[in-house]
1. Where does the charge balance sit around V79 when Lys and Arg score +1, Asp and Glu -1, over other residues with C-beta under 10 Å from its C-beta?
2. Which three numbers, in whole Å and largest first, are the semi-axes of the equivalent ellipsoid of the chain derived from its Cα gyration tensor as √(5λ)?
3. With an 8 Å cut-off on Cα pairs and a minimum separation of 6 or more residues, tell me the relative contact order of the chain in percent.
4. Rg and Dmax in Å for the range 1-68, alpha carbons only: what are they?
5. I want the local charge near A24. Using Cβ-Cβ distances under 15 Å, sum +1 for each Lys or Arg and -1 for each Asp or Glu among the other residues.
6. Quick one: compute the contact order of the range 16-77, relative version, from alpha carbon pairs under 8 angstrom and 6+ residues apart, as a percent.
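Values in this text are rule-based calculations from the coordinates and carry no lab data. As the structure is a computational prediction, the values presented were derived from the model and not from experiment. Quick reminder, even Gly has a Cβ in these numbers, built from the backbone with ideal geometry, and neighbours come from all protein chains shown.
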Amino acid sequence: QVQLVESGGGLVQPGGSLRLSCVASGVGFFNIHAMGWYRQAPGKQRELVARIIGDGRLNYADSVKGRFTISRDNAKRTVYLQMNSLMPEDTATYYCNDQTLGVWGQGTLITVSS
């Protein structure tokens, strides 16, 4: 059974940083999976924030370019999202997604507020 577990969310002040982690279990050949981070703010649709493909290619939403960095540690079956210069509009529930298998994590809430 494939499972994704996110961690690292919380309350942060504007301009602050957080790092999210997503640990995958039950996944074979994790290193070739495309993995993504999505977010959903209240009343809005879920949107892609960043993704990393098995060959290392990266994609970012325009709204987070230069501030967020996605990375992976295949040995740990973990994907990270480093978020810097956080803004109130980054407030949302962030979800990890195994795009190859179509599996979602449970989400972790990030609130950016002073």
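1. On the way: positive: R51, R72, K76, R77; negative: E6, D73, D98.
Combined, the nearby Lys, Arg, Asp and Glu give +1.
2. Values: eigenvalues 106, 39, 31 Å².
Semi-axes, largest first: 23, 14, 12 Å.
3. Reported relative contact order: 37 percent.
4. 13.6, 38
5. Values: positive: R51, R72, K76, R77; negative: E6, D73, D98.
Local net charge: +1.
6. Numbers: 62 pairs, mean separation 18.2, N = 62.
About 29 percent, as a whole number.
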